[in-house]
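Engineer: Provided herewith is a single structure, encoded as structure tokens, for subsequent inquiry.
What follows is calculated from the coordinates using simple rules that are stated; it is not laboratory data. Just so you know, these numbers come straight off a predicted model, no measurement behind them. Here Cβ is always computed from backbone atoms with ideal geometry, including for glycine, and neighbour counts include all displayed protein chains.
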């Protein structure tokens, strides 16, 4: 078979060559004419997969290396009998690590002690559940909200969204939905943001349209919110430059872009394509995994707080402030097409390994912090 793959998957997609010919295309090159003769298509969230793209092609299988599927016309695929697979959970750990990195920067900038700070988590799925586990390991007080999961499980730990509005930090981990019982489009609009605790901080790594851009910008300008960490944006890639300038931390939709997460996503799509095609060809991991910035790291013995210890380790594995500075410097230039600049930052994003790739040597004086470092996923020595 001929498999067309978005080139962002190229570093982790060598295994697909076991199944047939592979053609890598840049995101903007994926068009009906370029995939007309292909049997399978593997995309990311920037590609709209619908009748306009697929009509007249011989595509029989579509995979997306993302959790969300709002860029895919699933009803059309079903009518055409086209197989489909997404990658739920593949980048969950990557996003959770991004949240940890953000929390540690917030703790430093706003002089916050994480232990005892209240965090509200909206959406307790693959990502939210990891964030919840880590937050509890850090001694944070967790308020969890997930109406669909609450209806299914009856779990008493879930609370109404209104109860989260008094949290010090609120982080969003929901899909984008526009109809049904649990609409998330502009879930955080002017009224909802206005009901948040004054001086609190909002994090969004879900979908840009879960938060109303104008309302968030106004809350930041007025000082009602002390800060915001934004990875996903309305109208991507043409993001709002004013909101960008108001954020505490801003990144170009890369929270889930760890190399490890991309490998997980590719494996899920590979297995689904094999199943759909009736093939039994085992997946092969990339032969040369890139090394993390610090394959082995020893904690110095002069760190005096939980935030200092964790911050030292996390920043040497992933420096979220560098991503923030790069985005703001790139889009802060006068002139230039914001959409194209944003798109290029995503396409050229450097390799990022997850914390588990780093072996952490911990002096005995930090034994009390070992459970927190273990919860973050480090390989401990």
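Engineer: Please compute the contact order of the range 92-250 in relative form: average sequence separation of alpha-carbon pairs under 8 Å and at least six residues apart, divided by the residue count, as a percent.
Structural biologist: Across the range 92-250, relative contact order equals 17 percent.
Engineer: Calculate the spin-label point distance for residue 7 paired with residue 58, positioning each point 7 Å from the Cα along the beta-carbon direction, and give it in nanometres.
Structural biologist: For residue 58 paired with residue 7, the spin-label model returns 2.5 nm.
Engineer: On a 0 to 90 degree scale, rounded to 10, what angle separates helix 126-137 from the longest Cα axis of the chain?
Structural biologist: 20 degrees
Engineer: Treat each spin label as a single point 7 Å out from the Cα along the C-beta direction, and report the residue 312 to residue 141 distance in nm.
Structural biologist: According to this spin-label approximation, the distance is 3.0 nm.
Engineer: Still on this model: Taking 0.36 nm per residue of separation and subtracting the Cα-Cα distance, what length does fully extending residue 115 through residue 241 add?
Structural biologist: Fully extending the segment from residue 115 to residue 241 adds 42.0 nm.
Engineer: To the nearest 0.05, what FRET efficiency results for residue 48 and residue 304 with a Förster distance of 56 Å applied to their C-beta separation?
Structural biologist: Rounded to the nearest 0.05, the efficiency is 0.65.
Engineer: Go through (i) 170; (ii) 149; (iii) 182 and flag the label whose value is the computed volume of the Cα convex hull per residue in Å³ for this structure.
Structural biologist: Computed from these coordinates, volume of the Cα convex hull per residue in Å³ corresponds to label (ii).
Engineer: Enter the mean projected area of the convex hull around the alpha-carbon atoms of the range 325-381, in nm², rounded to one decimal.
Structural biologist: Computed as one quarter of the Cα hull surface, the answer is 5.7 nm².
Engineer: What's the Kirkwood radius of the range 36-166 in Å, using all Cα pairs?
Structural biologist: Here the Kirkwood hydrodynamic radius works out to 17.4 Å.
Engineer: Springs between alpha-carbon pairs under 10 angstrom, Gaussian network model over the chain: which of 231, 155, 319 fluctuates most?
Structural biologist: Per the Cα network of the chain with a 10 Å cutoff, 155 tops the list.
Engineer: Let me ask something else. How many times 2.2 N^0.38 Å is the alpha carbon radius of gyration of the range 92-250?
Structural biologist: Its radius of gyration relative to the 2.2 N^0.38 Å reference: 0.96.
Engineer: Would you mind ranking 307, 361 so that the residue whose beta carbon has the fewest other beta carbons within 10 Å leads the list?
Structural biologist: 361, 307
Engineer: Sticking with this structure for a sec: Order of 304, 58 from fewest to most other C-beta atoms within 10 Å?
Structural biologist: 304, 58
Engineer: Can you bin every Cα-Cα distance in the range 283-356 into 10 Å intervals starting at zero and give me the percent of pairs per bin, rounded to whole numbers?
Structural biologist: Here the calculated profile for the range 283-356 is 15, 33, 28, 20, 4.
Engineer: Continuing with this model, one more query. Under 1.5 on a/c is rounded, so check that first for the range 200-316, then, if it is not, pick prolate when a/b is larger than b/c and oblate when it is not; a ≥ b ≥ c are the square roots of the alpha carbon gyration tensor eigenvalues.
Structural biologist: oblate
Engineer: Mind checking the full-extension length gain between residue 32 and residue 183? Use 0.36 nm per residue of separation minus the Cα-Cα distance, one decimal, nm.
Structural biologist: Working it through step by step, the gained length comes to 51.2 nm.
Engineer: Can I ask one more? What FRET efficiency, computed as 1/(1 + (r/R0)^6) with R0 = 51 Å and r the Cβ-Cβ distance, is obtained for residue 275 and residue 359, rounded to the nearest 0.05?
Structural biologist: 0.90
Engineer: Report the relative contact order of the chain, percent, no decimals, based on alpha-carbon pairs under 8 angstrom and at least 6 residues apart.
Structural biologist: Answer for the chain is 15 percent.
Engineer: In deg cm²/dmol, rounded to 500, what helix-only [θ] at 222 nm does the chain give when every DSSP H run of at least 4 residues adds -39500 (n - 2.57) and the total is split over its residues?
Structural biologist: Estimated from H runs of four or more residues: -10000 deg cm²/dmol.
Engineer: Points 7 angstrom from Cα along the Cβ direction at residue 74 and residue 152: gap in nanometres?
Structural biologist: According to this spin-label approximation, the distance is 1.2 nm.
Engineer: Nearest 10 degrees, 0 to 90: what angle lies between the long axis of helix 213-222 and the longest principal axis of the chain (Cα atoms)?
Structural biologist: Between the helix axis and the principal axis of the chain, the angle is about 20 degrees.
Engineer: What angle, in degrees between 0 and 90 and rounded to the nearest 10, separates the Cα long axis of helix 259-277 from the longest principal axis of the Cα atoms of the chain?
Structural biologist: Helix 259-277 sits at roughly 30 degrees to that axis.
Engineer: Between the range 119-185 and the range 298-317, how many Å separate their Cα centres?
Structural biologist: If we compute the Cα centre of each part, the gap is 29 Å.
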